[in-house]
1. Would you point out the residue of segment 172-188, among those that are small (G, A, S) and surrounded by 17 or more Cβ atoms within 10 Å (Cβ to Cβ), that is farthest from T152 (Cα to Cα)?
2. Would you check which residues across segment 147-161 are within 16 Å of A171 (Cα to Cα) and of a type in the set (A, V, I, L, M, F, W, C) and list them?
3. Quick check: anything in segment 116-124 surrounded by 10 or more Cβ atoms within 10 Å (Cβ to Cβ), modelled with pLDDT of 80 or more and out of contact with any His (no Cβ under 7 Å at 6 or more places or on another chain)?
4. Mind listing just one residue for me: the one in segment 125-160 that is of a type in the set (A, V, I, L, M, F, W, C) and surrounded by 15 or more Cβ atoms within 10 Å (Cβ to Cβ) and, of those, nearest to G187 (Cα to Cα)?
5. Which ones in segment 48-101 are at pLDDT 75 or above, under 24 Å from D115 (Cβ atoms) and surrounded by 10 or more Cβ atoms within 10 Å (Cβ to Cβ)?
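The values are calculated or read from the model by the stated rules, or taken from the named source; none is laboratory data. Just so it is clear, the model here is predicted, and its values are computed rather than measured. As a convention, Cβ positions derive from the backbone with ideal geometry for all residues, glycine included, and neighbour counts pool all protein chains shown.
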Amino acid sequence: MLKPFLWGAGLALISLTAHAQSAGTELANLREDVRLLTQKVGALSLKVEDLERENEALRRQVANASQSQAFATVNQLNDAVDTLERAIKAGDSATAASAAAQIKKLGDATNAALDSLAKGAAQRATVQTTFSDNFPAEGISYTVQKGDTLSTISRKTGGKLSDIINANKIADPTKVRVGDTLFIPGGK
């Protein structure tokens with residue numbers, strides 16, 4: 001009677017071992033699934049961050065575009081004039097007054113935009129477009145450092161400001177950038 005019991009216990013042990021191996025395999029599979037899901041969540045998080053950055057950039061573009069649309073288009077003016085003409089022909093004084101006010105508003109916006117453009121153009125410095133070849137042929141090279149202006153470079157190197165401008169054909173002295181290499185005529 002002990003043999004069947006031992007034999008049954010042995011089968012139960014084998015079954016338990018197989019079940020434990022199966023559970024271990026399932027656990028390993030679950031761990032792999034969790035690892036893959038973690039990777040996918042990380043990738044999705046990066047995509048969400050990218051989309052949020054793109055969305056913010058688009059919001060800024062829309063805001064900038066709406067601010068730069070401060071003047072009326074020709075089509076808007078033509079539409080307002082057409083409305084005014086129809087109102088006048090119909091004898092509708094309220095519509096005519098509304099259309100006239102709209103035309104005045106569009107005209108004012110256009111004039112303001114034109115004035116702004118004119119002020120911007122008037123404030124620009126004149127650009128030197130001709131350069132003299134009357135500067136010393138010998139000199140040194142100088143790499144522009146942070147905080148340098150042509151005046152400070154002239155003082156540091158002993159070169160004349162006008163010679164530096166002419167030798168390097170610098171149209172706008174305010175546009176010298178860090179890292180630019182300049183020839184300094186007569187510099188030391």
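1. Within segment 172-188, the subset small (G, A, S) is 179, 186-187.
Next cut, surrounded by 17 or more Cβ atoms within 10 Å (Cβ to Cβ) only: 186-187.
Numbers: G186: 15, G187: 13 Å.
Out of the qualifying residues, it is G186.
2. L150, L161
3. Among the residues of segment 116-124, not one is surrounded by 10 or more Cβ atoms within 10 Å (Cβ to Cβ), modelled with pLDDT of 80 or more and out of contact with any His (no Cβ under 7 Å at 6 or more places or on another chain), which makes the answer no.
4. The qualifying residue nearest to G187 (Cα to Cα) is I153.
5. Q76, L77, N78, D79, A80, V81, A100, A101
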